[in-house]
Structures are given as C-alpha cells and as structure tokens.
C-alpha cells in the first residue's frame, strides 16, 4: 500500500461530493425499516402540537422528535424530509471527524479522509444515517462533545479555554442524551477520562476538578434542565423513558460471559474488521499511546461499548457511537503503517483488502437504489378504507405516518420489548381500540414478525379480532405478511 496522498482540493471536493450524493440518493426508495416508524410518527404528532409522553407513548428522549417536527413544519411530513435531516447529521459528523483528525492529531489530508471515510461508509453508520432514528442526532452531538473535548486537551491552551471546552463538551453530551438516553455514555466517558487525569496527576489537581465541574455544569444546563422540566410537568415521562428501560426483558440462552463474547464478535466481525485492524495498528506501532488525546479516544470508545454489558437484548446500533473514536484511531493507524516501509508492504495490502470487504455491502447499488412498492401499497389501502380522523392500529406506526392516520396514544410502540416485557397486553389493546373506535387493524405475520405475535395472550387478541373485525386484505411487505382487518358494521 502506497502512502496516501496528502490530498488536493479537487480530491477533497470529490470525496465530500461523493458522500453527499451517496447519502441523499434514492433516500425514500426503501421504506421497510423496523423502529423508524415509531419516530416518524412521533415527529409528525409533535408537528401537530402533541406532547411526547403526555399525548402518546414513546420510549426515547425527545430532541429528535422536535427536530423532525421542525423539518415537517418547513417541508411537510415526508419520509424524505426526515431522512434528509439524518443524512445531514451524519455528514456533519464525518466533517467533525475530519476536522478533529487535522487539528487535534495533525494528520495529513489523506489520513484524515481515511478516518472520515471509514466512519461514514461503515455499513451500520451509512444505513442508520439514511433513516430517521434518534441514534443519528445522538451521534452528531456526541461527536461534537468529543471534538471540543479533544480541542481542550491542548497543553498550550489557557486555563479558561480548557474550562470552556469542558463546559461545551458537557453541553453537547447533554444534547446527545436528549436525542437518545445512551448519549449520556459520552459524558460518562469524558468524566472518566478527567478522573484518570486527576489520578495520573498529568495536570494540576485543581484544574482537573474544575474541568469536571464545568463539564457537569454544561451537561446539567442542557440535559438536566430540559429533562427535569419534562419530569416535572409532563405526566408519564419517567415511566416511558426510564421505567421502560429498567424493565426490559433480559436476554436468554447464553451465560453472561458467552453473551459478552458473542456481542464483541458481532461488533468487530459485522463489517467492522477493517476498522478494527486499523485500530490495532495504533496499539502495535504507536509510541505515544499514553498521549492524552489518544487516551480520551480509548475511554470514550470503551464507554460507548459498555452497553454490551447490559443483560437486556442488544442490537448493533446500540453501540454504533463506538465507531466515532475508533475512526480517529483508524486514521492514526493508517498513518503509522504508511510511515513504516517494511510494515507497509505486508500490512498495507491486508488492511486495504479488509477495508474493501467491509465497504462492499455499503456500496451495493441494489441496496442503495432499492424500492419498496409493497409498503406504499399497504399505506394506500389504509388511506382508501379509512377517513382522516379514523384511528388505525397495528405492528408499526410507519403505516399510520404514511397514511396520515392517528394511532391510539398508548399503542404507538408495540415493539417486542414492550409486549414480551408485559407493558402491553391484549387487555390494554382491546381497551384502547374500543374506547377510540379503531377502524382498521393490521398484523404482521411470518417468520420475521416479532411485535403483536409475541403477545403473551395473543389468542385473546385474535378472538377479539374475529368478533369485532372482518378480514379485509392480505398483502406482502418484503419479508412479512400483513393481514388487514376492518371493523364490522
């Protein structure tokens, strides 16, 4: 592998132009995306004046819904508008990584682009960024927190500048937590780093304590104030956001150590081995691994990855923020390999092949250009057989959003975690459906269905359907069969 070019202005324009086109290309083509429907529906209801937790149930912190609602106010409630906001956040995150690589680690353009590119084109980051999920603004604001924290670790900076950076890092971490609760792990990682610096005495103890205090103040100003007001004045906030996560059903089938091993293998092996190889190069060849900024990256990566230790169910996107600090370490690793002639001849081609293998699924034209006529057809059926004020209920409020039909407020999220944890059962569903006179119900069936069919008393719900609703249509939604029922007259 040849040492990367430092990069001309033309190359920079090509890279960012290609990232822009790939990000926005065919943005609303594919509509089948589990969980996204909850957040699209929530943002739409907020744009109509509803308040999360009070007027409808949702289990994430609210910043993403209000950002989406603002976009809907300006451009209309469309999938493309909401996802365009996410793409903008992911592109912004890649720009912050490039800037951090250049200004904080003094990497040449080629290496800085390697860091930004391995992040943005990571399969899980790229497709998460093309959906409307609270993880996306969490990643952006968390990266902003990391960026200002890194800028603050400058030995030449004045004490006031360092404290200001700590305050801003806390504020951005607070915004990350307001977008998704596990954004607080970024703040926890930063505080953990400052504690380590205090213990190591690498700077005056008083300065370390003051930075912790300023970081905590920034977090409390942003997250503490906003979430505190919600807890005080919006009924249901604590139960929806904290109570839900506290009562999630535990994962089963493996010992705890086996579970950790499986999750670590999933994080590294699921199209991340190229990224991991570049990071390992920093450990093997880096002579300054004790450098404060590198230590901060390692601790932030560890704090984001700490979520794998929770005994509840795990999905890879829960730990996707780990890709942010690891991308910067990857850029450093590529530089270290490029600077060593003997190592470069062997490790360079291996790393290049691993990276290309990881990027191939991301750059699949079939996936980027996919269309989803089935979901559109089901949404059209819902519109044609209901009126704008009719309540519609089913596995995924994505169809409510597309058809512009309200969902019973307490049944917006009927995820597997909700039903298997017993927070929603057939009795609750029947009660709301009858009180609101739900006009249409749809159920997902098939091997991949995992919402309503997971109800512990699903047979009771089926009996209710048979007595009060008549089968209307069976339609296919990619790998799911959707059965639609209309209320009997």
Q.
Under a crude label model (7 Å from the Cα following the beta-carbon direction), how far is residue 340 from residue 13 in nanometres?
A. 3.8
Q: Mind sorting 263, 45 by how few other Cβ atoms lie within 10 Å of their own Cβ, fewest first?
A: 263, 45
Q: Find how much the distance from residue 232 to residue 372 grows on full extension, using 0.36 nm per residue of separation minus their present alpha carbon separation; answer in nm with one decimal.
A: 46.2 nm
Q. What percent does the relative contact order of the stretch 373-487 come to when contacts are Cα pairs within less than 8 Å and at least six residues apart?
A. 27
Q.
Under 15 Å from a point placed 7 Å out from the Cα of residue 217 along the Cα-to-Cβ direction: which residues of the stretch 140-164 have their backbone N that close?
A. 159-164
Q) Using bins 20 angstrom wide from zero, how does P(r) for the chain break down, in % of all Cα pairs? A) 22, 53, 22, 3
Q) Which three extents, in whole angstrom, do the alpha-carbon atoms of the stretch 373-487 cover along their principal axes, largest first? A) 33, 32, 23
Q. With axes computed from alpha carbons, what is the tilt in degrees of helix 79-103 against the longest principal axis of the chain, rounded to the nearest 10 within 0 to 90?
A. 10
Q. By how many degrees, 0 to 90 and rounded to 10, does the Cα axis of helix 273-285 deviate from the longest principal axis of the chain?
A. 30
Q) What value does the stretch 1-74 have for Rg/Rh, both radii from Cα atoms and Rh as Kirkwood defines it? A) 1.23
Q. Where the centre of each part is set by its Cα atoms, how far does the stretch 186-220 sit from the stretch 66-127, in angstrom?
A. 28
Q) What angle, in degrees between 0 and 90 and rounded to the nearest 10, separates the Cα long axis of helix 256-269 from the longest principal axis of the Cα atoms of the chain? A) 70
Q) Assuming R0 = 25 Å, what is the FRET efficiency of residue 200 and residue 310, from their Cβ-Cβ distance, to the nearest 0.05? A) 0.30
**Q.** Relative contact order %, the stretch 352-424, counting alpha carbon pairs below 8 Å whose residues are six or more apart
**A.** 23
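Any idea what the relative contact order of the stretch 43-365 is, in percent, if you count C-alpha pairs under 8 Å spaced at least 6 apart?
About 21 percent, as a whole number.
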Q. Can you give the FRET efficiency for residue 242 and residue 416, using 1/(1 + (r/R0)^6), R0 = 22 Å, r = Cβ-Cβ distance, to the nearest 0.05?
A. 0.65
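A short reminder: the numbers here are calculations on the coordinates, not readings from a lab. Remember, it's a predicted structure, so these values are computed and weren't measured experimentally. For neighbour counting, all protein chains shown are included, and Cβ atoms are generated from backbone atoms with ideal geometry for every residue, glycine included.
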